[in-house]
Amino acid sequence: MEALEIAKIAQEALDDKMGEDIKVLDLRGLSNIADYFVIASGNNVNHLRAMADEVEQKLFKAGVKLHHSEGYSVATWILLDFGTVLIHLFNKEQREFYSLEHVWSDAKIV
C-alpha cells in the first residue's frame, strides 16, 4: 500500500474519533525518517488512546501492521510507527511545545 493511502486512512480514523487539528505533512525529499507525518490533538488521555486504537485497527484491517509505538501508557504524546508513515498524537500542551508543524515547515500539507 502506498504511503499516502496509509496516511489518508489514518487521517480518516482520527477524524472518526474526533481528533482535532489533523494535519498530514508530506516529508518526501525532506527526511529519511518517513514519507508522511500525520499529526493530531486529543482532549485527554482516554481520547488520545481511543484515537491511537482506531488508527491501528483501521490500518490493520487495510493490511498495514504497526512497527512500533511509544507513549501509550502516559498518553501525552503517542507515536505510532507504520514505517513510511508516522502518526503523532498529542495533548494540546505537548503539541504546542514540540510544534512539529513548525519544525517541518518545509513540508507540504496534504
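The values are calculated or read from the model by the stated rules, or taken from the named source; none is laboratory data. Only a predicted model underlies this, so the values are computations on that prediction, with no experimental measurement involved. Note that we place each Cβ from the backbone using ideal geometry, even for glycine, and neighbour counts take in every protein chain shown.
β-branched (V, I, T), in contact with a helix residue (DSSP H, G or I) (Cβ under 6 Å, 6 or more places away or on another chain), farther than 21 Å from A107 by Cα and modelled with pLDDT of 95 or more - does that describe any residue in the stretch 21-39?
No, the stretch 21-39 has no match at all.
Being over 20 Å from W77 (Cα atoms) and either basic (K, R) or part of a strand (DSSP E or B) (or both) is the filter here; which residues of the stretch 1-25 pass it?
Selection gives K8 alone.
Considering the stretch 35-73 alone, what residues qualify as being in a loop (DSSP other than H, G, I, E, B) and surrounded by 15 or more Cβ atoms within 10 Å (Cβ to Cβ)? So that I can check it myself, show each step before the final result.
As a first pass, look at the stretch 35-73 and keep what is in a loop (DSSP other than H, G, I, E, B): 35, 43-44, 62-67, 71-73.
Within the stretch 35-73, D35, V64, L66, G71, Y72 meet the criteria.
Quick check on S31: is it closer than 25 Å to M1 by Cα and among the polar types (S, T, N, Q)? Can you show your working first?
Details: closer than 25 Å to M1 by Cα: yes; among the polar types (S, T, N, Q): yes.
So S31 passes the test.
Mind listing just one residue for me: the one in the stretch 76-110 that is out of contact with any Gly (no Cβ under 8 Å at 6 or more places or on another chain), buried (at least 20 other Cβ atoms within 10 Å of the Cβ) and among the aliphatic types (A, V, I, L, M) and, of those, nearest to G29 (Cα to Cα)?
Pass one, the stretch 76-110, residues out of contact with any Gly (no Cβ under 8 Å at 6 or more places or on another chain): 76, 80-88, 92-110.
Add one more test, that the residue is buried (at least 20 other Cβ atoms within 10 Å of the Cβ), and what stays is 80, 82, 85-88, 95, 107.
Adding the requirement that they be among the aliphatic types (A, V, I, L, M) leaves 80, 85-87, 107.
On the way: L80: 21, V85: 14, L86: 16, I87: 18, A107: 9 Å.
The selected residue is A107.
Going residue by residue through the stretch 40-61, is there one that turns out to be among the aliphatic types (A, V, I, L, M), more than 20 Å from R95 (Cα to Cα) and touching a residue at least 60 places away in the same chain (Cβ under 8 Å)?
no
Quick check on my filter: what residues within the stretch 37-78 are on the phi > 0 side of the Ramachandran plot and among the aliphatic types (A, V, I, L, M)?
Result: A75, single match.
Could you list all residues from the stretch 27-69 that are closer than 17 Å to K17 by Cα and among the basic types (K, R)? It would help to see each step written out before you state the result.
The first filter runs over the stretch 27-69 and keeps only residues closer than 17 Å to K17 by Cα, leaving 38-61.
R49, K58, K61 - these are the residues of the stretch 27-69 that are closer than 17 Å to K17 by Cα and among the basic types (K, R).
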